[in-house]
Amino acid sequence: MRTWLVPLALLAITACSHPDDGEPVPEDALPSLAADQSGPLLALVDNMLMTYFASDVSTRPTICASTHDGRSEVALAPKAERELMTRYEALAPFSRCAWLDGGWQDAETGEPAMVFNVHHFTCTDEANCTAFGGFVDGNDSSLTYRYAMNYADGAWQFRRDSQIIADE
């Protein structure tokens, strides 16, 4: 009688599990910024930072995020900057990154800094936007890409143009 009890117990246990359910979402997970149709710029910066922080870079410089006002890099709106720093604890406020001696440095430590930037951000309507984005690591510019964004299926969708755009 015991010989069929073990297989029956295993069958009952496996019937209750769902291996294709994927990873559970932590209860304290923050909602996606891409879901907020009213914040396309913030959603784009979040997308760029998410890609960077998901990489396996072993030592990171001080990281800041900015937008370009046509003349120079400027901080994101305070609320947006706080929202991003809540998501990425390694992200510093833009005020901590300073342009010194021809490159970005951490204003507190003097160590190199990396500034992610978005410029020429425009929206043709509430569901379609474009921008250029990249980063400057110390005094070395990254490739700048054109991003096309559209709001569909409840979230901003990002398409990064594979053509490299030269910095102006």
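Projected label points at Ala127 and Glu111, each 7 Å from Cα along the beta carbon direction, are separated by 4.6 nanometres. Close amide H contacts of Thr62 (hydrogens built in the peptide plane, cut-off under 5 Å, sequence separation of 5 or more or a different chain): Met114.
Footprinting exposure proxy ranking of Val115, Val45, fewest other C-beta atoms within 10 angstrom first, gives Val115, Val45. Listed by Cβ neighbour count within 10 Å, with the fewest neighbours leading, Glu81, Glu126 appear as Glu126, Glu81.
Dividing the mean sequence gap of close Cα pairs (under 8 Å, 6+ apart) by how many residues segment 80-122 holds gives a relative contact order of 22 percent. What residues of segment 112-129 lie in the reach of a label at Ser142, counting those whose backbone N is under 11 Å from a point 7 Å from the Cα along Cα→Cβ? Label zone hits: 114-118. Given Cα positions, please report Rg to Rh for segment 33-160, the hydrodynamic radius being the Kirkwood one. Result: Rg/Rh = 0.96. Residues in segment 55-67 carry Karplus couplings, in order, of 6, 9, 5, 7, 10, 10, x, 4, 10, 10, 10, 8, 10 Hz; the curve used is 6.51 cos²θ - 1.76 cosθ + 1.60 with θ = phi - 60°, and Gly or Pro positions show x. Placing dummy labels 7 Å off each Cα toward the beta-carbon, the span from Asp69 to Thr51 is 2.7 nm. As an exercise, use a Förster radius of 41 Å and the Cβ-Cβ distance of Thr59 and Asp161 to find the FRET efficiency, rounded to the nearest 0.05. Using R0 = 41 Å, I get an efficiency of 0.85.
Read-outs throughout are calculated quantities, based only on the coordinates presented, and are distinct from any laboratory measurement. Nothing here was measured: the structure is a model prediction, and the numbers come from that model. All Cβ positions, glycine included, derive from the backbone under ideal geometry; neighbour counts span all protein chains shown.
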